[in-house]
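Note sheet for the following structure.
The values are calculated or read from the model by the stated rules, or taken from the named source; none is laboratory data. None of the values given here were measured: they were computed from a predicted structure. Using ideal geometry, Cβ is built from the backbone for each residue, glycine included, and neighbour counts are taken over all protein chains shown. Calculation scope for accessible area: heavy atoms of the full protein, side chains included, ligands and nucleic acids excluded. Shrake-Rupley method; radii C 1.70, N 1.55, O 1.52, S 1.80 Å.
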Amino acid sequence: MTRITLLNGPNLNLLGEREPHIYGATTLAAIEASCGDLAASLGIELHMAQSNREGDLVELIHRERGISSALIINPAGLSFHSVALFDAIKAFDGPVIELHISNIHARDAQHRHSILSAAATAVICGLGAYGYSVAVLAAARLAGALPDHLPEPLRIGPR
Ligand code: CA2
């Protein structure tokens, strides 16, 4: 069974509790439950983790090398300065989707430029919690693991 990893970075454990006007009212637990359901319906194993520590995320990515066929990561505040995460993403051997709940391009200067995007295969932002569902579908597509019964427009891909 194809395995995909979904990682969430610092402070995202607080989703739904604070700043709902920016990050929405959905909790991380609800997002993970919904992504798990979607993955199951696609016949994919979805491995999920959240950490507030940069080193933990680096190690989680290392551990998935050769095991997960694609990586989805919301690096949160680490997006804007973490060279260690940049290098870990570069070292991952499959497609990597960088995901943000908010549209970081429409944010203040501090939240506008992710240095990780240059290492990612694709970037999804501004779709709120729905972006996680889109990312799971897209990661499955990039991993070549979408089931044949899905409509053709969902199965066509960039490559
Ligand atoms: O929009 C996103 O998903 C972000 O990655 C979230 C980060 C932010 O630094 C990025 O610019 C965009 C912040 C995550 C903080 O999460 C919180 C959740 C609830 C309450 C407070 C913070």
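A few points about this structure:
- Contact order normalised by residue count of the chain, Cα under 8 Å, 6+ apart, percent: 26 percent
- Solvent exposure, largest accessible area first (probe 1.4 Å, DNA, RNA and ligands not counted), of C35, C125: C125, C35
- Amide H contacts under 5 Å for H47, placed H, 5+ residues apart: I4, T5, L6
- Peptides 60-72, 44-56 ordered by average Cβ neighbours within 10 Å, highest first: 60-72, 44-56
- Accessible area per residue was computed with a 1.4 Å probe on protein heavy atoms; D87 scores about 90 Å².
- Ligands, DNA and RNA left out, the accessible area of the chain computed with a 1.4 Å probe is 53% carbon and sulfur.
- Between A49 and D148, the modelled labels are 3.5 nm apart [label points 7 Å from Cα along Cα→Cβ].
- Per residue, the solvent-accessible area of the stretch 3-155 (1.4 Å probe, heavy atoms of protein chains only, all protein chains present) comes to 47 Å².
- For the chain, the normalised intensity computed at q = 0.11, 0.18 Å⁻¹ comes to -0.39, -1.11 (log10 of I(q)/I(0), Debye sum over alpha carbons, equal scatterers, no solvent).
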